[in-house]
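Structure record follows, encoded as structure tokens.
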Amino acid sequence: MPDFALRQRLHQWVAGDAEAQVLRWLLRVLLIATASVLALDLSAMTGFNPDSLWREVTEQPVLPELVPTTVEVPDAPGRDRRIVPARKADGALAKPMTFSLGRNGRLIATGMVAPGSAEAFAAEVNARGEYIKTIVLNSPGGSVGDALEMGRLIRTKGFATEVEQHKICVSSCPLVFVGGAKRAAGANAIIGVHQVFAPDPAEGARHDTMSEAQRVSARCQRYLADMGVDLKMWVHAMETPKHRLFIFTANELRELNIVTPTNLPADADASGKR
């Protein structure tokens, strides 16, 4: 009797329950396959990448920092060839600014104007101030507040500033640069600006962002006026999106008093035509 009952249950499992289980698993596999095909179709049509949802949450924002020495922007009606995409800095330029004293009183400042750079710069000036004559900049910019502090200290000390040929001074770096009592830029030096913005989204959320942007803008304009620079420089900054850069021509650097006279090689358009 027990053997008969066991055989009967096995027969029921093979004939009924097992078949139902197999069908349920087949249905699950079919649903998963269908969902996968739909996801691939969606990705092909829209460029959507499911991994991007995770990256948007976990990756840190990238500041617009660096443009190539040779600017290549496709021609298009109404496009200003000097407004170029910003690129991420690398190597020494991606690190907080460092200082090294070179020959003839030249203090070489390389890297990002990071929070705390103004304090580090002030310490360097206090330690070596009697030897420093010129601040030589190669920087993708960064903290506006630190840049303003550095620029004012440079003007107070009467230092000159310089961007050597093929080097860069963009984003907030020009605020440091115009602090120089005398300001020079080498051939093919890149000096460019864009809109100010909060690099930390959480920081921006803690403030009225429009009010904060206006306050920072007013502070920068007052500073530029104190430095004797034409405020059109700031107009170009405010008109340029934060992920792009407005690159000044040699003529504009002279005309806006960003550099001081006789310190910049003439352009091919030295006649003033643009």
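What follows draws every value from the coordinates through simple rules; no lab data is involved. Every value quoted in this text rests on a predicted model; they were computed, and no experiment measured them. When we count neighbours, we look across all protein chains shown, and the Cβ atoms used for this are built from the backbone with ideal geometry, even at glycine.
Please give, to one decimal in nm, the separation of the simple spin-label points placed at K133 and V235, each 7 Å out from Cα toward the Cβ.
3.7 nm
Whose amide H sits under 5 Å from the amide H of K133, counting only residues 5 or more places off or on another chain, with H placed in the peptide plane?
R106, L107
Can you run phi through the Karplus equation (6.51, -1.76, 1.60; θ = phi - 60°) for the range 138-152 and list ³J(HN,Hα) in whole Hz, with x for Gly and Pro?
9, 8, x, x, x, 5, 5, x, 5, 4, 5, 5, 5, x, 5
Greater than 22 Å separation of Cα atoms is the criterion. Which listed pairs, K157/K232; K133/K182; K95/K182, meet it?
Going by Cα-Cα distance, K157/K232; K95/K182 fall outside the 22 Å limit.
Output wanted: per-residue J couplings in Hz (rounded whole) for the range 107-124, from phi through Karplus 6.51 cos²θ - 1.76 cosθ + 1.60, θ = phi - 60°, x for Gly and Pro.
Per residue, the Karplus-derived 3J(HN,Hα) values read 9, 8, 10, 10, x, 6, 7, 8, x, x, 5, 4, 5, 5, 5, 4, 5, 5 Hz.
Rounding to the nearest 20 debye, state how big the charge dipole of the range 83-255 is about its Cα centre with +1 on each Lys and Arg Cβ and -1 on each Asp and Glu Cβ.
With Lys and Arg at +1 and Asp and Glu at -1, about 360 debye.
FRET efficiency for E212 and S100, Cβ-Cβ distance as r, R0 = 45 Å, nearest 0.05?
In this case the efficiency is close to 0.85.
In what sequence do S143, S217 fall when counting other Cβ within 10 Å, fewest first?
So the ranking, lowest neighbour count to highest, is S217, S143.
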